[in-house]
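The next block holds one structure in the form of structure tokens; read it before the comments.
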Amino acid sequence: MLKKLTLCAALTVSVSLSFAQEPVSIDQVWARATPPQAANAGVFMSITSPTTDQLLSASSVLARKTEIHEMIMADGVMKMRQITTGLPITSQQPLTLAPGGYHIMLLGLKKDLVAGEKLPLTLHFAKAGAINVTIDVQNIAHRPAAAAHAH
């Protein structure tokens, strides 16, 4: 009987491992360098998940407050608004945070962001939990490839 229970447990673990999901993939995390004593900065990236999930929030020691924001056109004026409900992530469909759209806003910067720096950021997901990423600080004039080719 003990051998059967051990075999059953081993098979259950094996089956569970075969259905284990890949972790959330977070790529191209970047921000522009800031002018001296800038108050705020945006952070951009691409997020892909093997299952549906939700980006709930972000946190960072770099700023007094960290929020998810969206740029929208309202009455012919580009406006920024906070997203308090999080951003849904569809299985295998990249969620892109980019200039002019969704982004992470670092409010009340505690230091200038200097080109070449690698800085910490934590993203909080509904299912994946907290994931630490590294912000690659780019030159202040940096434009992502997609924006450089937009017409």
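The values are calculated or read from the model by the stated rules, or taken from the named source; none is laboratory data. Here the structure is a predicted model, which is why all the values come from computation and not from measurement. Glycine gets a Cβ as well: all are built from the backbone with ideal geometry, and neighbour counts include every protein chain shown. Accessible surface is based on the protein model in full, side chains and every heavy atom, while ligands, DNA and RNA are left aside. Shrake-Rupley method; radii C 1.70, N 1.55, O 1.52, S 1.80 Å.
If you take all other residues with their beta carbon under 9 Å from the beta carbon of Gly108, and give Lys and Arg +1 and Asp and Glu -1, the sum is +3. The slack between Val77 and Gln37, meaning 0.36 nm per residue of separation minus the straight C-alpha distance, is 11.7 nm. Taking all protein chains as shown and a probe of 1.4 angstrom, Met71 keeps an accessible surface of around 50 Å². With a/c under 1.5 counting as rounded, go ahead and sort region 23-151 into rounded, prolate or oblate using the C-alpha gyration tensor (a ≥ b ≥ c being the square roots of the eigenvalues; past the cut-off, prolate if a/b is larger than b/c, else oblate). Rounded, because the longest to shortest axis ratio a/c is under 1.5. In the context of the full set of protein chains, region 33-113 has a per residue accessible area of 50 Å² (1.4 Å probe). Placing a label point 7 Å from the Cα of Glu70 along the Cα-to-Cβ direction, the residues of region 34-64 with a backbone N closer than 18 Å are 43-47, 53-58. Give the shape of region 52-119 as rounded, prolate or oblate, defined through the alpha-carbon gyration tensor: a ≥ b ≥ c are the square roots of its eigenvalues, a/c under 1.5 means rounded, and otherwise the shape is prolate if a/b is larger than b/c and oblate if not. Since a/c reaches 1.5 but b/c is at least a/b, the shape of region 52-119 is classed as oblate.
Remark: spin-label model distance Lys127-Lys110 equals 3.3 nm, labels positioned 7 Å along the Cα→Cβ axis.
Ligands, DNA and RNA aside, Asp27 has an accessible area near 70 Å² when probed at 1.4 Å.
Hey, quick one: spin label on Thr51, modelled 7 Å out along Cα-Cβ, who in region 77-92 has an amide N within reach, i.e. under 19 Å? What the label zone holds, given the 19 Å backbone N cut-off, is 87-92.
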